Structures are given as structure tokens and as C-alpha cells.
Amino acid sequence: MVFSGFQKKIIEYIRDERVYDITSFLFEFGFTKEFCYDEAEIKTQFDESEKGETYDVLKDGLSQGNMTFSPSVGMQYERNAFTEKDFVKKRAVIDYSKLNKTKEFNGKEYRFDFLHPQTVNTDLTKIIDFLIVWQYLKENGLILEIDKQISSKDISIFYSAVTKQGKDIVQRDSLDTPNFIPVELPINKDLLKFIAPATEPPKRDAMNFVSYEIIFDEERLKVCENKIGLKFLPTPELHFFIKRKCKTKEEYFNKASLVLAWIAIIISLVFSIVSFVFEIVSYNDSQKDMAYYSNQIEIIQRKIDSIDKNTFNQNEIENILNEIKDELTQFKEDMNAAITPREPDISNE
């Protein structure tokens, strides 16, 4: 398998035990941050919106009405008669309930209060690269999986804070009018709010006063759900895997064998060319030259044969290939000199 540069870095972090599960991967590669809503900012925006407005609310201990029964009418609701002195002025309050998030996973409920710092993700797009590496290393015995206890942080990383600017977000107060105590009759709340006085001040949804919304990535949770309760440990073989440039023994041996096969083909081709050259070039010392070049080829062949094909030590192969390169370079220079026409020796004439 061919790994990208990013995937190779993941493997190195796994070897160093810096990455051992999904959460540690996101943390080590800078794909998480601590996020919470600014309560002071919410209150400031709320105050600017309300502008000090107050609302009439029944004093504590007073009820809106009572249920009565008569034989002719049956059960009915009678609203109490109130005067101005039965009310007090109160200001609206902030409802923070929508800033709390709840997520159920594997039968357990996890709660997150975003008025306090929570670990969220900044980018989940790279998590697929991580899962590919995880699966490959597992299948090749390079890591060992073990169960772990799921923490709230293992779930919160699937939340992200997204700016609301430019998004079509429907915002509404939990109740934009003074609250009331529901009664049996009438059951229509829209009608009830006109006939029943408020017992509490109105509540304003805190989400109306923030610039970010919290989004949960259900799709990537689905992709990762089988790995969330797992972590892994690197095996000793992983160190050798990285030394082999992220190749298994089989992949490395196959590549090395292919390299050696090509070298052998090249040497055979060179030998054929040399034989052809000496058939068409005739000099008095051609047999001597032929013996010399044959000896050069034998030296190169011995270097190839000296490579231990069972271990394929990388440094050894590189050193031998460099020696073969030097021998071929010298061979080329000698052969060029051999086929260059020589000036006749006229010193004795």
C-alpha cells in the first residue's frame, strides 16, 4: 500500500505512542479546540435587546384561578379577579437551556454545558486517513487493539462550533411573551395567554445572543462508532515497518527482488552489447580487452549475488548499488575508449 506523507506521519506518531485512539489523533494534529459561549457577551446583548423593559407578573403566592364544579355546568375554570396591587414589575430572564447539549451513544447519555469549556473539533476531514491507517496496521499485526472506557471527550469531539453568519437559522424565544401556568381549561395556550396573567417573567433564548451554533457530525460518528470504544498499542514490528519506508516484509522483499531482477537484465544487456562491439572492432589487443571487460562484468555480478535475499538489509543494498553504479560508470568510460579509433603509431617509421 502506498501511504501519503500525512499518513506516514500518523504512523510515526503511533510508533511514538502519541496517537493511540481517535481523540488523541485529533488532539496531536491540532484538529481540536476548547470552546464555550461567553456568558458576559450574552448578557450584554440581552440587555441591549431588552432596553430595561419590565413586565407585570403576579406576586408570589397568588394563583391565576381555580377549578370549580356545579351540577349544571360541571367542571369549569374560574379566573381570579386581580387588581393592580396584585402584580409586580419584573424584567425578562435569559434561558440558557439550549446551550446545553445531550448525546446518547451505546445506551449512555452524555451531557455538555457549553457555558463551560468543552473539547470540540475544528476539522474532521482527515479522520478517514487515520481510520485507513488504523485498519491497515491492525490487519498486518503492527498494532494491538484493546477496549477502553468512553469518556465525554470522546463524544464531544464530534461537535463543532460554526458561525451563524450567513446561515439561515430560525431563531425564536422559548416564550416571547410573559409565561403562564397551564391549566386544564381552556387547553389552547394561544388563548390562555390572553386570559391568564403571567406568574413568571418572560424568558429569552440565549441562542439569540450568540454568534456561534453547535453542530454535531452524525455522519462521521457513524463511520467511527466501532472505534470509539477502542485504543491500540504499537507492536515491535512497527519500528521495522517504518525503517522499511512503511512497507511490510512481503512488499519490501518483492520490491527488492524486482530491483535485483532489473539490475541482472541490465547487466545481461550490457554484456551482449560488449560482445557485439568486439565482434565488429578488431584490434591487436582485442582479446586482452575482452578479458578485461568480462572481468568487470563478473565483479558486478558478484556484488549482486552477495546481497542476502532473505534479509534485504536496506543499508547493505544501497551500498552495493552505489558500488555497482561506480563499476558501470568506469565500464562505460573504458568501453568508449575501446571503440574510439586509435591513431596509428608512426614513431618507428
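Key figures for this structure:
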item: Unsatisfied cross-links (Cα-Cα over 23 Å) in the set K98/K164; K8/K243; K101/K231; K98/K227; K103/K222; K108/K153; result: K101/K231; K98/K227
item: Separation in nanometres of the label points that stand 7 Å from Cα toward Cβ, at I150 and Y110; result: 0.7
item: Gain in span if fully extended, T102 to K245, counting 0.36 nm per residue against the direct Cα distance; result: 47.1 nm
item: Three-way shape label, the range 89-131, alpha-carbon gyration tensor, a/c 1.5; result: prolate
item: Förster-model FRET efficiency, 45 Å R0, K9 and E41, C-beta, rounded to 0.05; result: 0.75
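A short reminder: the numbers here are calculations on the coordinates, not readings from a lab. Everything quoted here is computed from the prediction, not taken from an experiment. Cβ: placed from backbone, ideal geometry, glycine included. Neighbour counts: every protein chain shown.
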